[in-house]
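Peer 1: One structure, as structure tokens, below. Some questions next.
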Amino acid sequence: MAKKSADKPLLLEDILFECRNILRAARNSGSFFEKRDMMLTLVFLRFIGEKYEDGIAKLRQTLIAQGLDPDDENIIKAFFDDATFTDGTYDLPVEARWTTIINKKAPELNVALDTALNKISSNNNDLKGCFVEGTFTQRNLAPNDIKKLVDEVNKISHKAFGEEKDLIGRVYEYFLKEFAVNATKEEGEFYTPHDVVQLIAAMIEPFDGTLYDPCCGSGGMFIQSAELVRSKQGSINSVNVYGQEKEAATYRLAKMNLALRGISHHLGDTSDSSFTNDKHKGLYFNYIMANPPFNLKGWYNDNLKKDARWADYETPPESNANYAWILHILSHLKPNDGVAGFLLANGALNDEDTIEIRKKLIKNDKIEAIIVLPRELFISTDISVTLWILNQNKRGGKYHDRTLRNHQGEILFMDLRQWTENPVKNEQKKKVLLDAAQIEKAAKIYHTWQEDTNGEYAEPELYRSVNISEIEQNGWSLAPSKYIEFIDHDLEIDYPKEMARIQKEMKELLKTERQSQQMLAEAFKGIGFAID
């Protein structure tokens with residue numbers, strides 16, 4: 001018997017698809033950005049409300065365990081009327097609680113939602129500037145439409161989809177893909193998948209000190225790095241987070257996302273471009289993790305012509321910001337031991353118009369590793385990208401609990417394009433991921449190379465350590481295919497032996513077929529039929 005539709009597992013994409021359809025059909029729903037603002041703000045209210053409810057439930061259990069009655073008037077006044085939580089949970093006024101919002105009548109919802117946002121931003125300094133005033137009342141969706149939207153968002157829960165996941169970032173990614181196809185292609189704005197962030201973090205190990213992302217988007221790098229830090233040492237408090245974001249709506253989202261997770265952060269006072277108004281000018285960081293917009297155009301203005309960030313190199317080309325990102329990141333790394341891991345489109349490996357910058361970066365020994373990643377890691381693009389690692393200290397010495405060798409004058413190349421054996425289910429397009437074993441293997445290759453290799457360090461079709469002199473001979477190209485050995489597996493085939501095997505199998509197949517026909521003919525002959 002076929003399963004009822006009620007037995008079908010609840011998928012985040014199905015809920016968001018329905019929300020998208022509601023907004024597309026609704027009158028006054030506004031532009032893509034206004035639709036996205038409404039959706040992400042609703043999801044934020046849902047999550048902060050759910051976290052508050054969980055906090056209250058835990059507080060009740062704690063009081064009961066201590067022999068106190070959580071329903072006693074004095075206890076309520078002492079512990080619940082102005083609740084204090086130690087895990088970053090916000091104490092919400094009644095008007096801002098999701099239980100209040102979800103029970104409002106449809107005609108009251110637009111006002112109720114804006115009231116909730118006003119109460120939250122008034123009561124919490126961390127959340128000031130996160131919301132657009134009048135987000136819901138200015139759009140004024142019809143009662144039926146806003147009610148349907150709120151009911152759908154009510155289905156999105158960390159209990160259903162996992163506390164450890166960056167669900168706000170995942171919603172952000174979905175609406176980038178579904179509502180702004182042209183914008184994502186033009187600006188290269190992609191949400192960085194969880195496994196890619198884990199790979200970067202596993203390699204550079206940002207477990208203490210300062211962490212910076214100059215194009216932080218929805219804050220996903222910080223969220224996912226925080227989870228890794230917690231798994232390694234238990235507390236994110238030892239990492240100070242700094243970031244910047246150009247798009248105002250995405251900047252607000254990052255503040256919401258980080259506040260929701262209780263991560264202390266420095267994102268500057270407003271949204272702005274890292275190139276034209278660097279909010280952290282003069283600061284140097286232990287670690288930098290970033291996924292800059294690929295092949296960004298329109299980044300340059302004349303004030304940047306003699307900028308200090310590329311004074312020692314050359315001004316990056318106006319047509320493409322890839323090398324502007326590299327030099328901006330390098331300018332913020334601690335001079336003695338800063339490490340950066342960031343993604344760029346593969347064209348940056350051997351662009352002709354950036355060869356002089358690339359040559360100097362290589363000769364100055366700033367580039368430590370180049371790792372080409374599989375295609376189809378991102379939902380919103382199937383482009384293959386490269387993970388670059390810059391390191392200000394290739395001289396060796398202590399790094400966390402490891403001892404590194406002197407590997408000056410060497411660059412490690414890795415090619416992971418064949419690691420596509422893990423398809424992601426329930427996606428509308430083909431997508432793969434890097435699993436924990438693959439991430440561990442890649443990090444081990446890199447760390448082993450840093451620590452104790454001498455002489456040749458290579459595995460055909462996977463990785464190879466290369467001296468800078470060889471890179472010079474290859475015209476300063478950083479394409480791994482120029483350095484890693486690739487085997488023509490066709491040459492391994494013993495063609496005479498293979499043909500003999502095929503001929504033998506064909507003979508056996510024909511013999512079996514003749515025997516079958518003969519048996520069939522005998523059977524039909526016995527009942528008065530003949531087969532030609």
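Peer 1: Determine whether G49 is touching a Lys or Arg at 6+ places or on another chain (Cβ under 9 Å) and surrounded by fewer than 19 Cβ atoms within 10 Å (Cβ to Cβ).
Peer 2: So G49 fails the test.
Peer 1: Quick one: count up the residues across the stretch 124-154 that are in a loop (DSSP other than H, G, I, E, B) and either aliphatic (A, V, I, L, M) or without any contact (Cβ under 8 Å) to a residue 24 or more places away in the chain (or both).
Peer 2: Going through the stretch 124-154 one residue at a time, the tally reaches 7.
Peer 1: While we're looking at this one, here's another question. Take the stretch 204-226 and flag every residue that is more than 16 Å from D435 (Cβ to Cβ) and in a helix (DSSP H, G or I).
Peer 2: Answer for the stretch 204-226, where residues must be more than 16 Å from D435 (Cβ to Cβ) and in a helix (DSSP H, G or I): I204, G220, M221, F222, I223, S225, A226.
Peer 1: Yes or no: S271 touching a Phe, Trp or Tyr at 6+ places or on another chain (Cβ under 6 Å) and closer than 28 Å to S121 by Cα?
Peer 2: Yes: the conditions hold for S271.
Peer 1: If F294 passes every condition in (1) at pLDDT below 95; (2) under 30 Å from S238 (Cα atoms); (3) buried (at least 20 other Cβ atoms within 10 Å of the Cβ) but one, which one does it miss?
Peer 2: Condition not satisfied by F294: (2).
Peer 1: Looking at the structure I just gave you, is E314 of a type outside the set (V, I, T), more than 29 Å from N393 (Cα to Cα), out of contact with any Pro (no Cβ under 9 Å at 6 or more places or on another chain) and outside the structural domain of D126 (by TED's automatic domain parsing)?
Peer 2: Judged against the criteria, E314 is not a match.
Peer 1: Identify, from the list T62, T84, the residue that is surrounded by fewer than 16 Cβ atoms within 10 Å (Cβ to Cβ), of a type in the set (S, T, Y) and farther than 21 Å from N257 by Cα.
Peer 2: Testing whether each residue is surrounded by fewer than 16 Cβ atoms within 10 Å (Cβ to Cβ), of a type in the set (S, T, Y) and farther than 21 Å from N257 by Cα leaves just T62.
Peer 1: Turning to a different aspect of this structure: For R395, are the conditions met, namely being of a type in the set (K, R) and either touching a Gly at 6+ places or on another chain (Cβ under 9 Å) or under 16 Å from Y323 (Cβ atoms) (or both)?
Peer 2: So R395 fails the test.
Peer 1: Further, regarding this structure: Which condition number in (1) over 24 Å from L387 (Cβ atoms); (2) over 26 Å from the mean Cα position of the chain (by Cα); (3) outside any helix (DSSP H, G or I) is the one that Y313 fails?
Peer 2: All conditions pass for Y313, except number (1).
Peer 1: Could you tell me which residue of the stretch 15-29 is modelled with the highest pLDDT, considering only residues that are among the hydrophobic types (A, V, I, L, M, F, W, C) and either closer than 14 Å to N144 by Cα or part of a loop (DSSP other than H, G, I, E, B) (or both)?
Peer 2: Across the stretch 15-29, the extreme among qualifying residues is I22.
The values are calculated or read from the model by the stated rules, or taken from the named source; none is laboratory data. All values reported here derive from a predicted model rather than from experimental measurement. Note that we place each Cβ from the backbone using ideal geometry, even for glycine, and neighbour counts take in every protein chain shown.
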